[in-house]
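Step one of this worksheet: look at the structure below.
The values are calculated or read from the model by the stated rules, or taken from the named source; none is laboratory data. Because the structure is a prediction, the values reported are computed rather than measured. FYI the Cβ positions are ideal-geometry reconstructions off the backbone, even for glycines, and counts take in every protein chain you see.
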Amino acid sequence: MKITELSVPKSVKEILVKSGLVDLYPPQEEAIRAGALEGRNLVLASPTASGKTLVAELCALKHILNKKGKTVYLTPLRALASEKYEEFKKYTSIRKPNGRRVTRGISTGDYDSNDTWLERYDIIITTNEKADSLLRHRAKWMDEISLVVADEVHLLNDAERGPTLEVVLARMMQINPDMQILALSATINNVEEIAEWLEADYVTTDWRPIHLKEGVILHEEIQFKDGDAKKIGKKSTNAAINLALDTVKSSGQALIFASTRRRAVTFAKKATSQVEELLSKPVKRALIRDAGKILAAGEKTRVSELLAELVKHGTAFHHAGLGSAHRRIIEDSFRRGKIKVLAATPTLAFGVNLPARTVVIQDYRRYEPGYGYYPISVLEYKQMAGRAGRPKYDKVGEAILTAKTSDEADYLMESYLLARPERIWSKLAVERILRSHVLATIAADFAHTERGIHDFFGRTFYAYQYDVKAIKSVIAKILKYLYDEEMVDVQGENIYATKFGKRISELYIDPVSAVIIRDALRFEPTYLTDLSLLHMIAHTPDMAPKLRPYTQEVDEIAVFMEEHREELLVDVPDEWEDEIAYEELLGEVKTAMVLKSWTEEMSEDETIERFRVQPGDLYRAIQNAKWLLHATHELALLFGNKRALPQTHMLMERIEKGVRKELLSIVRLEGVGRVRGRILYNAGFKTIANIKHAAIKDLVSLPLIGSKLAKKIKEQVGGFVKREEWKKLEKGEDWEQKALTEY
């Protein structure tokens, strides 16, 4: 089927043809023939890069232009949401029947808002969690949704992310029964079950635009699933490195999946010297520029310096411990074909689209604390293997597992290459997970009786698979907890959320977290320091993952805890009576210590060295802390704890900026972060008034503050820069830039 034959507005077809699309891929054609453009619910299950997103785009534009509808596009990750937001950009030149252009919006944060501004957009891209939050706030524009696209719907199987997606879909089907649902997924085993739950048809196929060859490498020989075999050269003792180098020699790129962050870094390091020899001069120059971008993004740390050094030589590592700015630079450089070998942890397989000619799965086992090593699922293997083959560049993609013995090679061939993915099972009926969803059902007025609650959860995938009777006992236990903790009230058969319960639901925190915060603040503690608040939020289940203490740190953290015991707002368990609880508390105290050090302006590099915490983990802890401090402030307001209000508000801002309180007014200026803020303060510019009356040449003379930033700062504080003075500064900067270029 050709693009020109589609039953979509001409303006949409023109954009697609202009971008080079002429014919539909087979899965896309099957989806159209199954009624996707006629408003039929559909589950489209096909491999990575088989064109699922285009089907979603066509459906969205059909709803907007022909039905005056609104589309919500759900993704599991913020990075994926940003990627989809960019993909929809090409349609913003199209005009609707009312003459206005097609618009798209994105919202992935701030769960304590109904985001009324989103109602003016036609296509709204959100994470599953943000959509859940919007439903809890009863955003009125959500009643206008005529199409919901659920990307990566196989993540229903994920214990952490799956239940939220499941509840969001069930909730949206409840409020918009005539809405079309388009669920996108990799190939899964029980697609017919998901389709029946969604009252949808389904299309499932193994077709890919790039032929995939799956194999197992033992020593220097690859045995492929189809019976072929191939020998590769031996440049290293590691088969994964040899495979990667073999790919780069033939002008390809390799993606190595490692089980841990440390192993990912090790692989990137090992490949460096060999890869560098294969780079052209233009590529080397481009990589030097990318390395510079890494060093310029955020504070310089040993991690960023190592990453930049590796990038110069054509390799890199990618894992959740990196900051988002660095991850984006790496992803962009790899997409442009500059970085030749990327070593990553498996989280990349479920995230952004980064295909490579060769995908090497070095480790098929994962380590889970408390459980030991266990084999990954076939579904996870298929996700990683699906990254093999770059459309428009490769005719064949190779996904290779590594084996150390012939027995292991046989096991991998049988258990992964020749196996079908596991069935998707709902993970909803866990009390810890279900608790906030039951409260939200009551607080957002979706149900006000036990029967109404059962009716709603009867719409879930869990109820479809197991019957709602299986979940009733868990719901009953949760309702008792919510009643005992004063989150809901009962009048006859009716159940209502209290002010406390409603606010918890809106704040998007676990009810258990809310109880911890309430109990800590309700009785006006003798000591209420920053450490008190930081440890309190670290004690909540919403501060996850907590920063695990290493063996060498345990004694230091224990001593610190004893020294500050009076400041802690929770009881300290006895080390000998409850060893597990005591170890958990040490992790909470370490988390609080890291956050406190951040607010005292400890550098990222020093934080990494002292606490052995990676930038990505630090940023996640900061974001969680900021949110939980906001929740603490709101609950203190609700309970009239005036003492905690100014302290929580200031600490929240200090956490966000990473500064002591004397810098707060300065770092509110755009372009001035914690490092520049401290430079200004130490140079005598301690207040906005000081900066306003400062000579611009004095600001320019400071480290890290050039003439453009100095002018920007002066404009923000209401200062005046004479034209002659500014021209002199500009000339000086032009000369400086020229000198740097010539150098």
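One table, with the values for the structure above:
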{"item": "Subset of region 472-528 that is more than 32 Å from the chain's Cα centre (by Cα) and among the polar types (S, T, N, Q) - its residue that is farthest from R138 (Cα to Cα)", "result": "T526"}
{"item": "Residue in region 259-268 that is among the polar types (S, T, N, Q), within 30 Å of L42 (Cα to Cα) and in contact (Cβ under 8 Å) with a residue 24 or more places away in the chain present", "result": "no"}
{"item": "Test: residue in region 225-236 that is in contact (Cβ under 8 Å) with a residue 60 or more places away in the chain, buried (at least 16 other Cβ atoms within 10 Å of the Cβ) and among the basic types (K, R)", "result": "no"}
{"item": "Of all residues in region 79-121 being charged (D, E, K, R) and touching a residue at least 60 places away in the same chain (Cβ under 8 Å), the one that is surrounded by the most Cβ atoms within 10 Å (Cβ to Cβ)", "result": "K84"}
{"item": "Checking V613 against (1) crowded, with 19+ Cβ neighbours inside 10 Å; (2) in contact with a Ser or Thr (Cβ under 9 Å, 6 or more places away or on another chain); (3) in a helix (DSSP H, G or I), the condition it does not meet", "result": "(3)"}
{"item": "Some residue of region 384-399 being under 30 Å from I608 (Cα atoms) and free of Cβ contacts under 8 Å to residues at least 24 places away in the same chain", "result": "no"}
{"item": "Search result, residues across region 244-263 that are exposed (fewer than 14 other Cβ atoms within 10 Å of the Cβ) and in a helix (DSSP H, G or I)", "result": "R262"}
{"item": "Unique match (being among the hydrophobic types (A, V, I, L, M, F, W, C), assigned by TED's automatic domain parsing to the domain that holds D519, under 20 Å from D519 (Cβ atoms) and assigned to a helix (DSSP H, G or I)) among L585, L595, L618", "result": "L585"}
{"item": "Region 580-610, subset touching a Lys or Arg at 6+ places or on another chain (Cβ under 6 Å) and among the β-branched types (V, I, T), residue surrounded by the fewest Cβ atoms within 10 Å (Cβ to Cβ)", "result": "T599"}
{"item": "Lone qualifier among I509, I478, I495, I504 - being assigned to a loop (DSSP other than H, G, I, E, B) and farther than 13 Å from V570 by Cα", "result": "I509"}
{"item": "Which numbered condition D407 misses (of (1) in a helix (DSSP H, G or I); (2) among the charged types (D, E, K, R); (3) under 23 Å from the mean Cα position of the chain (by Cα))", "result": "(3)"}
{"item": "Criterion (at negative phi, touching a strand residue (DSSP E or B) at 6+ places or on another chain (Cβ under 9 Å) and not hydroxyl-bearing (S, T, Y)) met by exactly one of D519, D484, D489", "result": "D489"}
{"item": "Residue satisfying condition, being in contact (Cβ under 8 Å) with a residue 12 or more places away in the chain, in the same structural domain as T599 (by TED's automatic domain parsing), at negative phi and hydroxyl-bearing (S, T, Y), within set T687, T648", "result": "T648"}
{"item": "Tally of residues being basic (K, R) and in contact with a Pro (Cβ under 6 Å, 6 or more places away or on another chain) across region 579-616", "result": "1"}
{"item": "Count of region 391-427 residues which are within 21 Å of N242 (Cβ to Cβ) and surrounded by 19 or more Cβ atoms within 10 Å (Cβ to Cβ)", "result": "13"}
{"item": "So F317, is it closer than 30 Å to E277 by Cα, touching a His at 6+ places or on another chain (Cβ under 9 Å) and assigned by TED's automatic domain parsing to the domain that holds K231", "result": "no"}
{"item": "In region 544-577, residue nearest to T526 (Cα to Cα) [restricted to those that are β-branched (V, I, T) and surrounded by 13 or more Cβ atoms within 10 Å (Cβ to Cβ)]", "result": "V570"}
{"item": "Some residue of region 271-282 being over 26 Å from E214 (Cα atoms), surrounded by 22 or more Cβ atoms within 10 Å (Cβ to Cβ) and out of contact with any Gly (no Cβ under 7 Å at 6 or more places or on another chain)", "result": "no"}
{"item": "Qualifying residue in region 1-16 (condition: touching a Pro at 6+ places or on another chain (Cβ under 8 Å), assigned to a loop (DSSP other than H, G, I, E, B) and not aliphatic (A, V, I, L, M))", "result": "no"}
{"item": "The one condition in (1) surrounded by fewer than 21 Cβ atoms within 10 Å (Cβ to Cβ); (2) in contact with a strand residue (DSSP E or B) (Cβ under 6 Å, 6 or more places away or on another chain); (3) within 24 Å of N624 (Cβ to Cβ) that N128 fails to fulfil", "result": "(1)"}
{"item": "Selection count, region 24-44, where residues are among the aliphatic types (A, V, I, L, M), in contact with a strand residue (DSSP E or B) (Cβ under 8 Å, 6 or more places away or on another chain) and part of a helix (DSSP H, G or I)", "result": "2"}
{"item": "Matching strands (runs of 3 or more DSSP E) fully within region 332-397 where at least 1 residues are farther than 23 Å from L322 by Cα, over 23 Å from the mean Cα position of the chain (by Cα) and modelled with pLDDT of 90 or more", "result": "358-361, 372-375"}
{"item": "Region 673-708, residues that are modelled with pLDDT of 90 or more, assigned to a loop (DSSP other than H, G, I, E, B) and of a type in the set (A, V, I, L, M, F, W, C)", "result": "A683, F685, L702"}
{"item": "Elements of type helices (runs of 4 or more DSSP H) in region 45-143, at least 1 residues being of a type outside the set (D, E) and over 23 Å from the mean Cα position of the chain (by Cα)", "result": "52-67"}
{"item": "Residue match in region 577-590 (condition: closer than 24 Å to R262 by Cα and of a type in the set (S, T, Y))", "result": "no"}
